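What follows is a single structure, written as structure tokens, with notes after it.
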Amino acid sequence: MSALNHLHIYERSSVNKQIYRCIDPYCTHFCNKALLLGKAAKCFKCGREFLLDAYDLKLKRPLCPNCGTDSISLEGKKVKEFLEEMMKDEISI
Ligand SMILES: [Zn+2]
Ligand SMILES: [Zn+2]
């Protein structure tokens, strides 16, 4: 029983919400959420490498920026629209 030397695919532990563990059946790696910020991981969905950010660490299964759920992309769209509105205001002044 040991942690494998690979990029881990994380899933939040159902027992302790501060802990993320690797879903690989042969890997016993787990890590405290606070220590995972900025670390590389593999996307749960597509397997691509990405860096974990604060938002990912709120999710049960962190996803790369390309995947992510509908609600995330919707939120991103809202932010973009908001920023565009701000820009418009600045230009008209
Ligand atoms: Zn692993
Ligand atoms: Zn992905």
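The numbers here are math on the coordinates, done by the rules we state, and not lab data. If you're wondering where the values come from, they're calculated on a predicted model, not measured in any experiment. Glycine also receives a Cβ, built like all others from the backbone with ideal geometry; neighbour counts cover every protein chain displayed.
What the table below lists for this structure:
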| read-out | value |
| --- | --- |
| Potential lengthening between GLU11 and LYS88 on full extension [0.36 nm per residue; Cα-Cα distance subtracted] | 23.6 nm |
| Gain on full stretching of the segment that runs from LYS60 to ARG48 - 0.36 nm per residue minus C-alpha separation | 2.6 nm |
| Spacing of the two label points (7 Å from each Cα toward its C-beta) at LEU37 and ALA3, in nm | 1.9 nm |
| Rounded if a/c under 1.5, otherwise prolate or oblate - region 1-47, Cα gyration tensor axes | rounded |
